[in-house]
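*Asks:* Mind having a look at this structure? Questions to follow.
The values are calculated or read from the model by the stated rules, or taken from the named source; none is laboratory data. This is a predicted model, so every value here is computed, not measured. When we count neighbours, we look across all protein chains shown, and the Cβ atoms used for this are built from the backbone with ideal geometry, even at glycine. Please note that ligands, DNA and RNA were not included when accessible areas were found on the heavy atoms of the full protein model with its side chains. Shrake-Rupley method; radii C 1.70, N 1.55, O 1.52, S 1.80 Å.
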Amino acid sequence: MSSAVSTSADRGAVLAVDQGTTNTKALLLDAESGTALFEGSAPTSIRYPRPGWVEQDADQIWGATLAAIGRCLGQSPGIPVLGIGVTNQRESVVCWNRKTGRPLGPVLGWQDARTSAWCDDLATSEPSARGLVRTRTGLELDPMFSAPKFRATLEAARSQGEDDSAIAIGTIDSWLIWKLTGEHATDVGNASRTLLLDLESADWHDDLLELFGIPRGLLPDLRPSDAWFGTVHPAFEGPLVAGTPVVAALADSHAAMYHHGCTRVGTGKATYGTGSSVMSPTLDARQAPEGVATTIAWHIDGQVTYAREGNIVASGAALDWMARTLGAPEGTAGGAFLTDLAMQASDSGGTSFVPAFSGLGAPYWDRGATGVICGVTAGTTRAHLARAALEGVAHQVADVVEAMESDGTARIEVLHADGGATASGLLMQNQADLLGRPVDVSDVPSASALGVGRLAARSLGYQPPAPVPGQRVLPSGNRRREARPSWHAAIARSRGLPVPVGAPEQEQSAPGQEHRPNERNT
């Protein structure tokens with residue numbers, strides 16, 4: 001698709017490339033005002049060859065990127081592109097031959113869980129592994145993150161006879177930067193999601209490289225988020241002018257937080273995509289509470305900003321699954337279908353849906369959890385299940401917020417929300433109710449692209465203004481007290497844990513005080 005978002009005077013612009021899990025977007029923004037001028041997009045496909053395996057094609061991702069850029073710039077003759085910003089799905093990995101440019105196997109997506117057993121075996125054989133990973137990187141030893149996938153793709157490439165001297169590995173941003181410029185580079189925010197970056201030094205850590213068996217020379221160079229990542233090389237065959245610089249790179253969740261202006265403690269955002277990311281700035285790299293990550297949000301103007309974050313594996317994916325299961329027509333947006341259907345019921349009829357399709361992410365980190373639908377009776381209707389799916393997404397976000405705040409050092413006063421599922425007013429009202437605090441819903445669908453575009457403009461010396469806050473949704477009623485215990489009981493069932501007798505009747509205290517993540521099943 002392509003569309004004109006706004007009109008503007010014919011001055012310089014920046015191009016924001018947003019490579020997501022199911023779609024690649026390109027936005028052209030006025031460098032001075034930050035206003036979106038034109039946009040283009042192209043879909044990207046996903047394969048599920050085995051249970052828990054999630055693959056994409058690196059060449060197809062690149063083709064979609066070129067198509068999105070072409071559709072965007074094709075509408076804007078005469079507007080010079082001063083610089084490019086890249087934002088991307090995180091943790092997904094690419095392995096390629098740096099001499100031929102040929103991908104050496106499929107992209108292993110961030111949802112891919114094929115390395116679960118390997119991670120468990122490593123934790124058993126190396127008792128200090130979990131502690132080392134958690135202390136150095138702020139993350140859990142989990143197959144969602146990049147290092148186990150790096151190892152798997154590297155082993156596959158070597159088995160095909162590839163020599164290390166020709167192999168390059170990296171996250172999606174480094175693949176796009178390499179295709180654009182010929183330079184193998186990434187920003188430290190993306191790198192902080194790999195399990196290989198030391199948070200304190202913002203550098204690859206030798207002990208972690210050894211733990212996962214990753215040679216340093218195969219990894220991309222580390223750069224600040226507002227660094228010079230090279231220029232479009234002369235041999236580039238596409239819609240961009242050779243010599244155009246790539247001047248910003250941010251992972252998608254980080255870029256969305258930057259767009260919202262969440263730069264201080266007490267601010268935070270949730271992105272509702274295929275999965276969800278809840279992120280809030282923090283003062284330093286100290287460990288977050290159990291079940292929540294510490295990560296690098298960005299390195300801008302010579303300063304590293306850290307953040308607490310919780311990653312939810314299935315949110316938009318959960319809505320799409322339930323919509324298909326309930327008979328949504330092909331091509332129908334899952335959230336919109338479920339919202340219309342859910343309006344036929346006043347509540348979920350006591351049903352709960354835990355979409356643990358490949359286990360649970362934050363704050364439980366239990367890959368052994370299974371998807372469950374609880375509380376079904378002879379009176380359960382499609383409308384009840386639709387409501388349960390929408391509520392399940394909101395409950396998962398509330399779980400993460402509670403865990404982030406559980407040590408009492410931070411509280412998110414207002415949650416900024418972005419992503420496709422925020423179009424559901426019912427979901428956003430549920431979110432405000434279950435959190436017991438306001439939710440500011442972005443009125444733009446491309447927060448990540450706007451965030452990295454704004455950073456690209458700043459990197460070039462412009463100062464685009466901060467965005468206008470979105471529509472505020474206030475909590476209503478007492479749904480939090482009524483609904484959270486039933487959800488916690490459903491989570492226990494998903495994880496195969498005992499469900500406390502009378503759990504649905506237990507009262508809950510204020511956010512951030514009552515909930516502690518359960519220990520991961522072993």
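*Asks:* What pairs can you find where one residue is in the stretch 453-469 and closer than 19 Å to Gln303 by Cβ, the other is aromatic (Phe, Trp, Tyr) and in a helix (DSSP H, G or I), and their Cβ atoms are less than 8 Å apart, with a gap of 6+ or different chains?
*Replies:* Sorted first by the residue in the stretch 453-469, then by its partner, the pairs are Arg454/Tyr258; Leu455/Tyr258.
*Asks:* So which residues in the stretch 64-89 are within 24 Å of the chain's Cα centre (by Cα) and either assigned to a loop (DSSP other than H, G, I, E, B) or without any contact (Cβ under 8 Å) to a residue 12 or more places away in the chain (or both), if there are any at all?
*Replies:* Gln89, the sole residue that qualifies.
*Asks:* Taking interchain pairs and intrachain pairs at least six residues apart, which have beta carbon atoms under 7 angstrom, with the first residue in the stretch 108-120 and open to solvent by less than 20 Å² (accessible area, probe 1.4 Å) and the second assigned to a helix (DSSP H, G or I) and of a type outside the set (Phe, Trp, Tyr)?
*Replies:* Leu108/Lys149; Leu108/Ala152; Leu108/Thr153; Asp112/Lys149; Thr115/Pro148; Thr115/Lys149; Thr115/Ala152; Cys119/Pro148
*Asks:* With the requirement that a residue be open to solvent by 10 Å² or more (accessible area, probe 1.4 Å), hydrophobic (A, V, I, L, M, F, W, C) and closer than 17 Å to Pro475 by Cβ, what does the stretch 385-416 give you?
*Replies:* Val414
*Asks:* Specify which of the listed residues (Ser459, Ser476, Ser486, Ser442) is open to solvent by less than 40 Å² (accessible area, probe 1.4 Å) and not aliphatic (A, V, I, L, M).
*Replies:* When all the criteria are applied, what remains is Ser442.
*Asks:* All but one of (1) modelled with pLDDT under 90; (2) surrounded by fewer than 22 Cβ atoms within 10 Å (Cβ to Cβ) hold for Gly419, so report the exception by its number.
*Replies:* For Gly419, the exception is condition (2).
*Asks:* Only one of (1) open to solvent by 20 Å² or more (accessible area, probe 1.4 Å); (2) in a loop (DSSP other than H, G, I, E, B); (3) in contact (Cβ under 8 Å) with a residue 40 or more places away in the chain is not met by Gly349, so which one is it?
*Replies:* Single failed check for Gly349: (3).
*Asks:* When you scan the stretch 231-248, do you find a residue that is closer than 20 Å to Glu91 by Cα and either among the β-branched types (Val, Ile, Thr) or touching a residue at least 12 places away in the same chain (Cβ under 8 Å) (or both), even just one?
*Replies:* Checking the stretch 231-248: at least one residue is closer than 20 Å to Glu91 by Cα and either among the β-branched types (Val, Ile, Thr) or touching a residue at least 12 places away in the same chain (Cβ under 8 Å) (or both).
*Asks:* Report, ordered by the first and then the second residue, all pairs with beta carbons closer than 7 Å, sequence separation of six or more or different chains, a first member in the stretch 270-289 that is under 15 Å from Ala403 (Cα atoms), and a second member that is open to solvent by 10 Å² or more (accessible area, probe 1.4 Å) and at pLDDT below 85.
*Replies:* Within 7 Å, the pairs are Ser280/Ala410; Thr282/Ala410.
*Asks:* Can you pull out the residues in the stretch 163-186 that are outside any helix (DSSP H, G or I) and in contact (Cβ under 8 Å) with a residue 24 or more places away in the chain?
*Replies:* Hits for the stretch 163-186 are Ile167, Ala168, Ile169, Gly170, Thr171, Gly182, Glu183, His184, Ala185, Thr186.
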